[in-house]
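Below is one structure, written out as structure tokens; comments come after it.
The values are calculated or read from the model by the stated rules, or taken from the named source; none is laboratory data. What you see is a predicted model, and the numbers here were worked out from it, not measured in a lab. Reconstructed Cβ throughout: ideal geometry from the backbone, glycine too, with neighbour counts over all protein chains shown. To get the accessible areas, we keep the full protein, side chains included, count just its heavy atoms, and leave off ligands, DNA and RNA. Shrake-Rupley method; radii C 1.70, N 1.55, O 1.52, S 1.80 Å.
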Amino acid sequence: HVYGVPQTLNSANYVYFLALEAVHSLNCREATNVFVSELLNLHRGQGQDIVWRDSGTPPSKDEYKQMVLDKTGGLFRLAVGL
């Protein structure tokens, strides 16, 4: 580990805010809403994935499909929505 978890998390959060700043500069409320909504979906899906991994509890097929839609699908919806 060169930089460690704290530096990595801080840097990743900083990049999120750089992206939010760029979207905000578009001065388009709809673009900002899409960005925030999809980042929330992405983190919700990532949180589910982490819980299932760490607990050793497998998700149902429907839960897994929703997680994929939230994580990967959210990135596609973000690109299309912007």
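Scanning region 53-76 for residues that are assigned to a loop (DSSP other than H, G, I, E, B) and open to solvent by 70 Å² or more (accessible area, probe 1.4 Å) turns up T57, P58. I'd like to check something: does region 10-19 contain any residue that is open to solvent by less than 80 Å² (accessible area, probe 1.4 Å) and touching an Asp or Glu at 6+ places or on another chain (Cβ under 9 Å)? No; the residues of region 10-19 include none that is open to solvent by less than 80 Å² (accessible area, probe 1.4 Å) and touching an Asp or Glu at 6+ places or on another chain (Cβ under 9 Å).
Does any residue of region 38-50 turn out to be over 19 Å from F76 (Cβ atoms) and of a type in the set (S, T, N, Q)? Looking for residues that are over 19 Å from F76 (Cβ atoms) and of a type in the set (S, T, N, Q), one finds none in region 38-50, hence no.
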